[in-house]
């Protein structure tokens, strides 16, 4: 089946099997390998991307379901050579170690801050509870998201 | 620790930002599954639904009819090359693919090779295997009973399921101490099977290039050089010589010990690539990862602790059944079958101890790797910390006061333990006192008394652990005879920038940053100017890899030693440039100055340039050095953790309200990274304490084989860790540093378990096995009439 979709503002077209998962379209067909795979049961969130403004786990969406839609992956966060406040925050607050869950964490946090720009720490914890991290113990991820929230409120890029 | 360098130079003690982060936050890391080679084939694996069964027939016809499927590889195929079995580190044998029978559920049965990920999976789904189920042995106690089905029928003359018996310590002295003891306590403690569950699973791309006669394997491994040597030793007979094998460990998405072993999938991929001459990719899914990769723990412990009338601890006696699954494939490079379990006297000055461990075969996957700890140290710490707590409660003494009284005292270091370890340095009382002050211990005890009077369940738990890391001195460790040194090779370029390569492999620990900081400290070259590389056996010096918190103790020491060799040569060049004697020069990080003439100096950058342009007559050009460091001893980081729990009487749920962790890992390279390691380690201690377990039903069906039922904690459950530190440098490490990555995983579970029992002791509860789940606690409360 033909699928046309937009990823990080760029139009893509591919001929795919109906069963192809969106994450495999992104990684294996379009070779955007920032989006990762960490489980088979929609628990870990390493594959989270933004689909029409919502964070979705791309291992649980068929590529054909994304037809005609706007997708944003981790590769789309940096704009004109400027890091997104979330990317800055994860670096500044040591919110990542092995880096494997990081793209999913970034995308989930991105959608979360759009909905809740002034979260409490507990809000952040609930907001990222669909994403597993085995390295950081989450403390610094919460700080990283709050760093970004503060920066966005002060007029940084959203 | 005083800072010797500026933030710009970024030596030890500076929380500089990580050099690896710019690629990770952009999604530009390169993990194994990100690598794609032209003409690459895919491997998927058919797995057994049975825990123990004879293989009657494997029919590949339907699989071979799937478009894209090229081959089905079975044990019979590998047997032609004698590659159907492989040796384990523990001198046992493990199947790559079975010929006669399967030994655990999810065991590899056949490999399907295809042109795409999906075609390989389609093929694997229709390989038809006919099994004849055999009686299953799940319980290691029953496995040792007379008449139990014998599992290892491949071993001629094997008449039972007993693998080995090992004992250590002075039995007679220990028995005597128990006979003389005023008080003894005894407890059965089970430490269940768990799995490291790094978010990246395991996988590889094997590429045998027939034109170059060379095998390159991109692989999720923590120990690339050791893997290369093992491949050469095991597959030498099919033409894989060590100079024709290149292992590349690219970015690794978490290891924690699970990426040390050689799994059958790697070997099948290599065999498939050698046979086809094409690159073959194998990436396991999460369920394969949890169900078939190495487990950790599974120790059935029976412990006894003795004390004199005045409450002074005197002796420890332990008997343990170690469930190894169907083969002993423990990733344990120590000379002891139970790893470092005999560090079980912990932080206490015990005069006698004796440990016995028996390894047992069952119908479960092999493993016995560490779960973010050095080879059975968590088992040891959990046992001694539980037992000390039970003794304190039994005697009616506050557990903090009881620990203070029985600690090895600062002036006793270096301390030789009753079981033979030489602890390098420690100050246990200081760490516990700091934790007590930080959490407000006395107030908490008052609050607990008030709550108990009102019928509320609140507990305070302490764990004052001693770790043993940095494998290791060659008298205690080797891998197939390879001594457990590690390495650093430094090259300073003419413009004063540098590249340094190591035999270790970061999996998130931040080596690119911390190693550069060590070199910045030693040479005064800014950390930003030093590129660190690891993980490619064609370029890095030989080393044994990263696990057991050994990178800083061993490779970090190698970095310092190599840098000091460079400093020695730099001094000669500086003397030449400044036209003075070497003895007239003074070193401070980054430059040599003439004593008494501080304006007369040469920077390390000046010297580097001169090393290529203006070095003394008779001296070789260049500025480089390599060091292979064999540590004289292990390092013994320690800490004291205090945890406060509230227990919901209605549901049995344990809530960790506060958790204070004071760690001591000697001198710190990067405080930000160390704190991050502690946060992560605490979370991986919290997880098995309350949630994670892999168990099996009576016919060997796995429970906990996916993220649906293997409960890795999310941000919601995970406590808000409160951390701090004390600093007791290691006397034998060139930087005074100790390992730290695993301390918190080792220390945390006992603090939580002790807090739960502390909340329930007055109800007659003496012990609860981890994971302490709501049903377990609710049952205890219900039996005691506390809840309905």
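The values are calculated or read from the model by the stated rules, or taken from the named source; none is laboratory data. Quick caveat, the model's predicted, so the values are computed rather than measured. Cβ sites come from the backbone with ideal geometry, for glycine too, and all protein chains shown count toward neighbours.
Within the set B:163, B:245, B:189, the sole residue that is touching a residue at least 24 places away in the same chain (Cβ under 8 Å), closer than 30 Å to residue B:686 by Cβ and in contact with a strand residue (DSSP E or B) (Cβ under 8 Å, 6 or more places away or on another chain) turns out to be B:189. Between B:508, B:481, B:503, B:496, which is surrounded by 24 or more Cβ atoms within 10 Å (Cβ to Cβ) and either at negative phi or over 18 Å from the mean Cα position of the chain (by Cα) (or both)? Within the list B:508, B:481, B:503, B:496, the selection yields B:503. Is one or more of the residues making up segment B:655-672 out of contact with any strand residue (DSSP E or B) (no Cβ under 9 Å at 6 or more places or on another chain), within 14 Å of chain A (Cβ to nearest Cβ), surrounded by fewer than 24 Cβ atoms within 10 Å (Cβ to Cβ) and at pLDDT 95 or above? Yes.
What is the number of the single condition among (1) more than 14 Å from chain A (Cβ to nearest Cβ); (2) at pLDDT 95 or above; (3) in contact with a helix residue (DSSP H, G or I) (Cβ under 8 Å, 6 or more places away or on another chain); (4) closer than 18 Å to residue B:205 by Cβ that residue B:244 does not meet? The one condition residue B:244 does not meet is (3). In this entry, residue B:98 is excluded by the filter for residues that are surrounded by fewer than 18 Cβ atoms within 10 Å (Cβ to Cβ) and within 12 Å of residue B:48 (Cβ to Cβ).
Got at least one residue in segment B:637-645 being modelled with pLDDT of 95 or more and surrounded by fewer than 23 Cβ atoms within 10 Å (Cβ to Cβ)? Within segment B:637-645, not a single residue is modelled with pLDDT of 95 or more and surrounded by fewer than 23 Cβ atoms within 10 Å (Cβ to Cβ).
Exactly one residue out of B:713, B:719, B:688 is assigned to a loop (DSSP other than H, G, I, E, B), within 14 Å of another protein chain (Cβ to nearest Cβ) and in contact with a strand residue (DSSP E or B) (Cβ under 7 Å, 6 or more places away or on another chain), and it is B:719.
For segment A:106-113, the criterion of being facing chain B (nearest Cβ under 8 Å) and modelled with pLDDT of 95 or more is met by at least one residue.
Which residue, of B:650, B:680, is more than 8 Å from chain A (Cβ to nearest Cβ) and touching a residue at least 40 places away in the same chain (Cβ under 8 Å)? Within the list B:650, B:680, the selection yields B:650.
Going by the structure shown, is residue B:693 farther than 30 Å from residue B:290 by Cβ, more than 14 Å from chain A (Cβ to nearest Cβ) and in contact (Cβ under 8 Å) with a residue 12 or more places away in the chain? Spelling it out, it is not the case that residue B:693 is farther than 30 Å from residue B:290 by Cβ, more than 14 Å from chain A (Cβ to nearest Cβ) and in contact (Cβ under 8 Å) with a residue 12 or more places away in the chain. Would a scan of segment B:742-764 turn up a residue that is crowded, with 22+ Cβ neighbours inside 10 Å, within 14 Å of another protein chain (Cβ to nearest Cβ), modelled with pLDDT of 95 or more and part of a loop (DSSP other than H, G, I, E, B)? Yes, there is a match, as at least one residue in segment B:742-764 is crowded, with 22+ Cβ neighbours inside 10 Å, within 14 Å of another protein chain (Cβ to nearest Cβ), modelled with pLDDT of 95 or more and part of a loop (DSSP other than H, G, I, E, B). Of the strands (runs of 3 or more DSSP E) that lie entirely inside segment B:1-77, those containing 1 or more residues that are within 30 Å of residue B:536 (Cα to Cα) and more than 12 Å from chain A (Cβ to nearest Cβ) span B:41-47, B:69-74.
The set of residues in segment B:251-281 being over 25 Å from residue B:469 (Cα atoms) and within 14 Å of chain A (Cβ to nearest Cβ) consists of B:281 alone. The single condition from (1) touching a helix residue (DSSP H, G or I) at 6+ places or on another chain (Cβ under 6 Å); (2) in a loop (DSSP other than H, G, I, E, B); (3) surrounded by fewer than 24 Cβ atoms within 10 Å (Cβ to Cβ) that residue B:321 fails is (2).
Residues checked against (1) crowded, with 24+ Cβ neighbours inside 10 Å; (2) under 28 Å from residue B:389 (Cα atoms); (3) touching a residue at least 40 places away in the same chain (Cβ under 8 Å):
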position: B:270; (1), (2), (3): yes, no, yes
position: B:276; (1), (2), (3): no, no, yes
position: B:280; (1), (2), (3): yes, no, yes
position: B:283; (1), (2), (3): no, no, yes
position: B:286; (1), (2), (3): no, no, yes
position: B:294; (1), (2), (3): yes, no, yes
position: B:297; (1), (2), (3): yes, yes, yes
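Among the residues of segment B:701-710, just one is surrounded by fewer than 21 Cβ atoms within 10 Å (Cβ to Cβ), touching a residue at least 60 places away in the same chain (Cβ under 8 Å) and away from chain A (no Cβ under 13 Å), namely B:701. In the condition set (1) under 30 Å from residue B:520 (Cβ atoms); (2) out of contact with any strand residue (DSSP E or B) (no Cβ under 6 Å at 6 or more places or on another chain), residue B:31 is compliant with all but (2). For segment A:16-33, indicate whether the set of residues that are over 23 Å from residue B:282 (Cβ atoms), in a strand (DSSP E or B) and more than 7 Å from chain B (Cβ to nearest Cβ) is non-empty. No, segment A:16-33 has no match at all.
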